[in-house]
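Asker: One structure, pasted below without further comment.
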Amino acid sequence: MYRFLLTPRWWGINLFVVLAIPFCIFMGSWQLGRFEDRVDGHRQAEEQMASARKEAPRPLDAMLPVTKETSGKQVTARGRYDEQLLVPDRELDGKQGTYVLTLLRTEGGKALPVVRGWLPGTPDEADVPAPPAGEVSVTGALQASETPGNNGVSARGGLPRGQTAAISAASLVNLVPYDVYDAYVTLNRGDSGMKAVPATVPGGTGLDLKAFQNLGYTAEWFAFVGFVVFMWFRLLRRELEFARDAQLGLVPDGAAGTNGTAETDGTAGTNGTASETNGTAETNGTASAGASGGTARSDKTGEDQVAVSKPVQ
(Lines give C-alpha, C1' and ligand atoms only; values in the text may rest on other atoms or scores of the structure.)
Protein backbone atom coordinates (compact mmCIF):
# COMPACT_ATOMS: atom_id res chain seq x y z
CA MET A 1 0.00 0.00 0.00
CA TYR A 2 2.91 2.32 0.66
CA ARG A 3 4.75 1.56 -2.56
CA PHE A 4 3.71 4.94 -3.97
CA LEU A 5 6.27 6.53 -1.61
CA LEU A 6 8.99 5.17 -3.90
CA THR A 7 7.64 6.93 -7.01
CA PRO A 8 9.61 9.91 -8.43
CA ARG A 9 6.78 12.28 -7.49
CA TRP A 10 6.91 11.30 -3.82
CA TRP A 11 10.72 11.31 -3.83
CA GLY A 12 10.48 15.01 -4.76
CA ILE A 13 7.83 15.72 -2.10
CA ASN A 14 9.80 13.95 0.64
CA LEU A 15 13.03 15.71 -0.33
CA PHE A 16 11.31 19.10 -0.14
CA VAL A 17 9.89 18.31 3.32
CA VAL A 18 13.23 17.04 4.63
CA LEU A 19 14.97 20.25 3.50
CA ALA A 20 12.19 22.73 4.33
CA ILE A 21 11.64 21.74 7.98
CA PRO A 22 15.23 22.25 9.23
CA PHE A 23 15.57 25.42 7.15
CA CYS A 24 12.43 26.95 8.71
CA ILE A 25 13.55 25.91 12.20
CA PHE A 26 16.97 27.50 11.60
CA MET A 27 15.48 30.78 10.35
CA GLY A 28 12.99 30.90 13.23
CA SER A 29 15.75 30.31 15.78
CA TRP A 30 17.90 32.99 14.14
CA GLN A 31 15.10 35.56 14.30
CA LEU A 32 14.42 34.64 17.93
CA GLY A 33 18.12 35.11 18.68
CA ARG A 34 17.98 38.57 17.09
CA PHE A 35 15.07 39.50 19.33
CA GLU A 36 16.86 38.22 22.43
CA ASP A 37 19.97 40.20 21.48
CA ARG A 38 17.89 43.36 21.28
CA VAL A 39 16.36 42.64 24.68
CA ASP A 40 19.82 42.07 26.18
CA GLY A 41 21.12 45.23 24.50
CA HIS A 42 18.21 47.20 25.91
CA ARG A 43 18.93 45.90 29.40
CA GLN A 44 22.64 46.67 29.12
CA ALA A 45 21.90 50.17 27.82
CA GLU A 46 19.63 50.89 30.77
CA GLU A 47 22.31 49.67 33.16
CA GLN A 48 24.84 51.87 31.36
CA MET A 49 22.54 54.88 31.71
CA ALA A 50 22.18 54.29 35.45
CA SER A 51 25.92 53.92 36.00
CA ALA A 52 26.79 56.89 33.73
CA ARG A 53 25.03 59.30 36.06
CA LYS A 54 27.51 58.42 38.79
CA GLU A 55 30.53 59.08 36.58
CA ALA A 56 32.34 62.39 36.51
CA PRO A 57 31.39 64.55 33.49
CA ARG A 58 33.91 64.86 30.67
CA PRO A 59 34.37 67.63 28.08
CA LEU A 60 31.95 67.47 25.17
CA ASP A 61 34.56 67.29 22.41
CA ALA A 62 36.21 64.27 24.07
CA MET A 63 32.98 62.23 23.83
CA LEU A 64 32.15 62.89 20.19
CA PRO A 65 30.99 61.34 17.94
CA VAL A 66 28.16 59.72 19.84
CA THR A 67 28.26 55.92 19.88
CA LYS A 68 26.47 53.21 21.83
CA GLU A 69 29.32 53.34 24.34
CA THR A 70 29.26 57.13 24.82
CA SER A 71 25.49 57.62 24.63
CA GLY A 72 24.15 58.62 28.04
CA LYS A 73 27.56 59.58 29.37
CA GLN A 74 27.86 62.76 31.40
CA VAL A 75 29.42 65.68 29.50
CA THR A 76 30.01 69.35 30.22
CA ALA A 77 30.12 72.34 27.89
CA ARG A 78 30.39 76.12 28.19
CA GLY A 79 28.83 78.84 26.07
CA ARG A 80 25.94 81.28 25.72
CA TYR A 81 22.33 80.40 25.12
CA ASP A 82 20.95 81.67 21.83
CA GLU A 83 17.91 80.45 19.83
CA GLN A 84 15.14 78.70 21.73
CA LEU A 85 12.70 76.20 20.18
CA LEU A 86 9.81 74.04 21.32
CA VAL A 87 9.56 70.31 20.57
CA PRO A 88 5.85 69.33 20.83
CA ASP A 89 4.22 65.91 21.25
CA ARG A 90 6.72 64.59 23.80
CA GLU A 91 5.53 62.21 26.51
CA LEU A 92 6.89 62.12 30.04
CA ASP A 93 5.47 60.08 32.92
CA GLY A 94 2.45 59.15 30.80
CA LYS A 95 1.54 62.77 29.99
CA GLN A 96 1.83 64.68 26.73
CA GLY A 97 3.93 67.81 26.78
CA THR A 98 6.69 69.83 25.14
CA TYR A 99 10.47 69.86 25.34
CA VAL A 100 12.15 73.24 25.72
CA LEU A 101 15.21 73.15 23.46
CA THR A 102 17.82 75.92 23.58
CA LEU A 103 20.94 76.17 21.42
CA LEU A 104 24.17 76.77 23.33
CA ARG A 105 26.76 78.69 21.28
CA THR A 106 30.15 77.29 22.28
CA GLU A 107 33.54 78.95 21.98
CA GLY A 108 34.19 77.18 18.67
CA GLY A 109 31.10 78.79 17.13
CA LYS A 110 29.08 75.60 16.87
CA ALA A 111 25.77 75.31 18.69
CA LEU A 112 24.93 72.47 21.07
CA PRO A 113 21.20 71.64 21.39
CA VAL A 114 20.32 71.52 25.09
CA VAL A 115 17.00 70.16 26.40
CA ARG A 116 16.46 72.40 29.40
CA GLY A 117 13.29 70.66 30.54
CA TRP A 118 9.71 69.54 29.86
CA LEU A 119 6.43 71.43 30.18
CA PRO A 120 2.94 69.87 30.11
CA GLY A 121 0.67 70.49 27.12
CA THR A 122 1.57 72.98 24.39
CA PRO A 123 2.59 76.21 26.11
CA ASP A 124 2.81 79.59 24.42
CA GLU A 125 6.26 80.97 23.77
CA ALA A 126 5.55 83.78 26.23
CA ASP A 127 4.96 81.25 29.02
CA VAL A 128 8.22 79.38 28.42
CA PRO A 129 11.00 80.32 30.89
CA ALA A 130 13.74 82.33 29.20
CA PRO A 131 17.27 80.89 29.23
CA PRO A 132 19.89 82.35 31.56
CA ALA A 133 21.85 85.27 30.15
CA GLY A 134 25.62 85.40 29.84
CA GLU A 135 28.09 82.55 29.76
CA VAL A 136 26.92 79.34 31.40
CA SER A 137 28.25 75.85 32.01
CA VAL A 138 25.89 72.97 31.36
CA THR A 139 26.15 69.35 32.50
CA GLY A 140 23.96 66.56 31.27
CA ALA A 141 23.61 63.27 29.44
CA LEU A 142 24.96 63.07 25.90
CA GLN A 143 22.47 61.88 23.28
CA ALA A 144 22.68 61.10 19.56
CA SER A 145 20.63 63.16 17.12
CA GLU A 146 17.10 61.86 16.69
CA THR A 147 15.85 60.27 13.50
CA PRO A 148 12.32 61.33 12.52
CA GLY A 149 9.96 58.38 12.43
CA ASN A 150 11.98 56.21 14.86
CA ASN A 151 11.48 55.60 18.58
CA GLY A 152 8.34 57.70 18.67
CA VAL A 153 9.95 60.78 17.12
CA SER A 154 7.41 62.67 15.03
CA ALA A 155 8.16 63.16 11.34
CA ARG A 156 5.39 65.68 10.62
CA GLY A 157 6.21 69.00 9.06
CA GLY A 158 4.49 72.34 8.73
CA LEU A 159 5.04 73.27 12.38
CA PRO A 160 4.70 76.89 13.45
CA ARG A 161 7.76 79.09 13.61
CA GLY A 162 9.84 78.40 16.71
CA GLN A 163 9.02 74.66 16.79
CA THR A 164 10.76 71.53 15.52
CA ALA A 165 9.58 67.93 15.39
CA ALA A 166 12.98 66.27 15.96
CA ILE A 167 16.15 67.18 17.82
CA SER A 168 18.38 66.59 14.85
CA ALA A 169 21.29 68.50 13.36
CA ALA A 170 19.77 67.95 9.90
CA SER A 171 16.58 69.69 11.00
CA LEU A 172 18.09 72.44 13.14
CA VAL A 173 20.66 73.54 10.57
CA ASN A 174 17.75 74.84 8.47
CA LEU A 175 16.43 76.93 11.36
CA VAL A 176 19.59 78.70 12.56
CA PRO A 177 22.40 80.46 10.66
CA TYR A 178 25.29 78.49 12.23
CA ASP A 179 26.57 74.94 12.48
CA VAL A 180 25.03 72.53 14.95
CA TYR A 181 26.59 69.56 16.74
CA ASP A 182 25.33 66.16 15.62
CA ALA A 183 24.28 65.44 19.20
CA TYR A 184 22.34 67.02 22.05
CA VAL A 185 22.39 67.13 25.85
CA THR A 186 19.60 66.72 28.39
CA LEU A 187 20.19 68.58 31.64
CA ASN A 188 20.29 66.50 34.80
CA ARG A 189 18.13 69.08 36.52
CA GLY A 190 15.28 70.92 34.88
CA ASP A 191 16.04 74.61 34.33
CA SER A 192 13.75 77.33 35.75
CA GLY A 193 11.33 74.94 37.44
CA MET A 194 10.85 72.69 34.39
CA LYS A 195 10.88 68.92 34.72
CA ALA A 196 14.15 67.23 33.77
CA VAL A 197 14.06 64.92 30.74
CA PRO A 198 15.76 61.55 31.35
CA ALA A 199 18.23 60.23 28.81
CA THR A 200 17.00 57.56 26.39
CA VAL A 201 18.75 54.38 25.35
CA PRO A 202 20.70 54.45 22.07
CA GLY A 203 18.88 53.65 18.85
CA GLY A 204 18.88 49.99 17.81
CA THR A 205 19.12 48.67 21.39
CA GLY A 206 15.60 49.25 22.66
CA LEU A 207 12.39 47.26 22.27
CA ASP A 208 11.42 49.20 19.16
CA LEU A 209 9.48 48.20 16.05
CA LYS A 210 12.40 46.23 14.61
CA ALA A 211 12.62 44.10 17.74
CA PHE A 212 8.97 43.12 17.52
CA GLN A 213 9.38 42.47 13.79
CA ASN A 214 12.03 39.89 14.68
CA LEU A 215 9.56 38.30 17.10
CA GLY A 216 6.86 38.24 14.41
CA TYR A 217 9.23 36.64 11.88
CA THR A 218 10.04 33.97 14.48
CA ALA A 219 6.37 33.02 14.74
CA GLU A 220 6.02 32.96 10.95
CA TRP A 221 8.95 30.59 10.40
CA PHE A 222 7.71 28.13 13.01
CA ALA A 223 4.22 28.36 11.51
CA PHE A 224 5.74 27.34 8.16
CA VAL A 225 7.07 24.18 9.82
CA GLY A 226 3.57 23.22 10.94
CA PHE A 227 2.15 24.02 7.50
CA VAL A 228 4.70 21.81 5.71
CA VAL A 229 4.02 18.87 8.04
CA PHE A 230 0.25 19.33 7.71
CA MET A 231 0.37 19.37 3.90
CA TRP A 232 2.61 16.26 3.80
CA PHE A 233 0.18 14.25 5.95
CA ARG A 234 -2.74 15.50 3.89
CA LEU A 235 -1.16 14.33 0.63
CA LEU A 236 -0.23 11.00 2.25
CA ARG A 237 -3.80 10.47 3.41
CA ARG A 238 -5.19 11.12 -0.07
CA GLU A 239 -2.77 8.65 -1.64
CA LEU A 240 -3.68 5.97 0.94
CA GLU A 241 -7.39 6.48 0.32
CA PHE A 242 -6.89 6.13 -3.42
CA ALA A 243 -4.81 2.95 -2.98
CA ARG A 244 -7.44 1.46 -0.63
CA ASP A 245 -10.25 2.21 -3.10
CA ALA A 246 -8.25 0.57 -5.87
CA GLN A 247 -7.84 -2.62 -3.78
CA LEU A 248 -11.59 -2.73 -3.06
CA GLY A 249 -12.40 -2.30 -6.73
CA LEU A 250 -13.86 1.16 -6.23
CA VAL A 251 -12.89 3.02 -9.38
CA PRO A 252 -13.55 6.71 -9.87
CA ASP A 253 -16.46 7.66 -12.13
CA GLY A 254 -14.28 8.68 -15.06
CA ALA A 255 -12.37 5.40 -15.11
CA ALA A 256 -15.57 3.33 -14.64
CA GLY A 257 -17.28 5.02 -17.58
CA THR A 258 -14.34 4.31 -19.87
CA ASN A 259 -14.06 0.63 -18.92
CA GLY A 260 -17.86 0.06 -19.16
CA THR A 261 -17.99 1.59 -22.60
CA ALA A 262 -15.18 -0.60 -23.86
CA GLU A 263 -16.83 -3.77 -22.55
CA THR A 264 -20.26 -2.88 -23.92
CA ASP A 265 -18.92 -2.05 -27.37
CA GLY A 266 -16.75 -5.15 -27.52
CA THR A 267 -19.27 -7.75 -26.35
CA ALA A 268 -22.70 -6.41 -27.20
CA GLY A 269 -21.58 -5.16 -30.57
CA THR A 270 -20.18 -8.52 -31.63
CA ASN A 271 -23.12 -10.59 -30.40
CA GLY A 272 -25.66 -8.22 -31.87
CA THR A 273 -23.97 -8.29 -35.24
CA ALA A 274 -23.83 -12.06 -35.23
CA SER A 275 -27.52 -12.30 -34.42
CA GLU A 276 -28.44 -9.90 -37.13
CA THR A 277 -26.28 -11.79 -39.62
CA ASN A 278 -27.91 -15.14 -38.77
CA GLY A 279 -31.35 -13.62 -38.99
CA THR A 280 -30.60 -12.16 -42.34
CA ALA A 281 -29.34 -15.50 -43.62
CA GLU A 282 -32.55 -17.23 -42.57
CA THR A 283 -34.68 -14.57 -44.24
CA ASN A 284 -32.68 -14.71 -47.42
CA GLY A 285 -32.96 -18.47 -47.45
CA THR A 286 -36.70 -18.31 -47.12
CA ALA A 287 -37.03 -15.71 -49.83
CA SER A 288 -34.93 -17.82 -52.19
CA ALA A 289 -37.06 -20.87 -51.61
CA GLY A 290 -40.25 -18.93 -52.19
CA ALA A 291 -39.00 -17.50 -55.45
CA SER A 292 -38.21 -20.98 -56.73
CA GLY A 293 -41.71 -22.10 -55.97
CA GLY A 294 -40.76 -24.34 -53.06
CA THR A 295 -40.82 -24.18 -49.30
CA ALA A 296 -38.72 -25.72 -46.57
CA ARG A 297 -40.71 -27.85 -44.13
CA SER A 298 -40.01 -30.19 -41.24
CA ASP A 299 -42.07 -33.30 -40.42
CA LYS A 300 -42.74 -34.55 -36.93
CA THR A 301 -39.74 -36.87 -37.07
CA GLY A 302 -37.44 -34.04 -37.89
CA GLU A 303 -36.66 -35.17 -41.49
CA ASP A 304 -36.66 -32.52 -44.15
CA GLN A 305 -39.04 -33.05 -47.07
CA VAL A 306 -39.25 -30.96 -50.22
CA ALA A 307 -42.41 -30.66 -52.38
CA VAL A 308 -41.89 -29.44 -55.91
CA SER A 309 -44.79 -27.88 -57.74
CA LYS A 310 -45.02 -27.56 -61.43
CA PRO A 311 -44.89 -24.16 -62.90
CA VAL A 312 -48.21 -22.81 -64.21
CA GLN A 313 -48.31 -22.78 -68.03
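The values are calculated or read from the model by the stated rules, or taken from the named source; none is laboratory data. If you're wondering where the values come from, they're calculated on a predicted model, not measured in any experiment. Quick reminder, even Gly has a Cβ in these numbers, built from the backbone with ideal geometry, and neighbours come from all protein chains shown.
Asker: Can you confirm whether Gln74 is at pLDDT 90 or above, within 30 Å of Glu135 (Cα to Cα) and surrounded by 13 or more Cβ atoms within 10 Å (Cβ to Cβ)? Working first, answer last.
Answerer: Working: at pLDDT 90 or above: yes; within 30 Å of Glu135 (Cα to Cα): yes; surrounded by 13 or more Cβ atoms within 10 Å (Cβ to Cβ): yes.
Yes: the conditions hold for Gln74.
Condition check ((1) modelled with pLDDT of 90 or more; (2) part of a loop (DSSP other than H, G, I, E, B)) across all residues:
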residue	(1), (2)
Pro22	yes, no
Glu47	no, no
Thr70	no, yes
Gln84	yes, no
Thr98	yes, no
Thr102	yes, no
Val115	yes, no
Leu119	yes, no
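Asker: In addition: Regarding the range 1-23, can at least one residue be identified that is more than 14 Å from Tyr217 (Cβ to Cβ) and among the hydroxyl-bearing types (Ser, Thr, Tyr)?
Answerer: Yes, that holds for at least one residue.
This table checks each residue for (1) crowded, with 16+ Cβ neighbours inside 10 Å; (2) outside any helix (DSSP H, G or I); (3) at pLDDT 85 or above; (4) among the hydrophobic types (A, V, I, L, M, F, W, C).
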{"site": "Asn14", "(1), (2), (3), (4)": "no, no, yes, no"}
{"site": "Ile25", "(1), (2), (3), (4)": "no, no, yes, yes"}
{"site": "Ser29", "(1), (2), (3), (4)": "no, no, yes, no"}
{"site": "Asp37", "(1), (2), (3), (4)": "no, no, yes, no"}
{"site": "Asp40", "(1), (2), (3), (4)": "no, no, no, no"}
{"site": "Ala50", "(1), (2), (3), (4)": "no, no, no, yes"}
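Asker: Residues in the range 84-111 that are touching a helix residue (DSSP H, G or I) at 6+ places or on another chain (Cβ under 9 Å) and either within 22 Å of Leu159 (Cβ to Cβ) or among the hydroxyl-bearing types (Ser, Thr, Tyr) (or both): how many? It would help to see each step written out before you state the result.
Answerer: We begin by selecting, within the range 84-111, every residue touching a helix residue (DSSP H, G or I) at 6+ places or on another chain (Cβ under 9 Å); these are 84-86, 100-103, 106, 108, 111.
Next, only the ones that are either within 22 Å of Leu159 (Cβ to Cβ) or among the hydroxyl-bearing types (Ser, Thr, Tyr) (or both) stay: 84-86, 100-103, 106, 111.
Qualifying residue count for the region: 9.
Asker: Do we have any residue at all in the range 182-205 that's over 30 Å from Val75 (Cα atoms) and at pLDDT below 80? Before the answer, list the steps.
Answerer: First, pick out the residues of the range 182-205 that are over 30 Å from Val75 (Cα atoms): none.
No.
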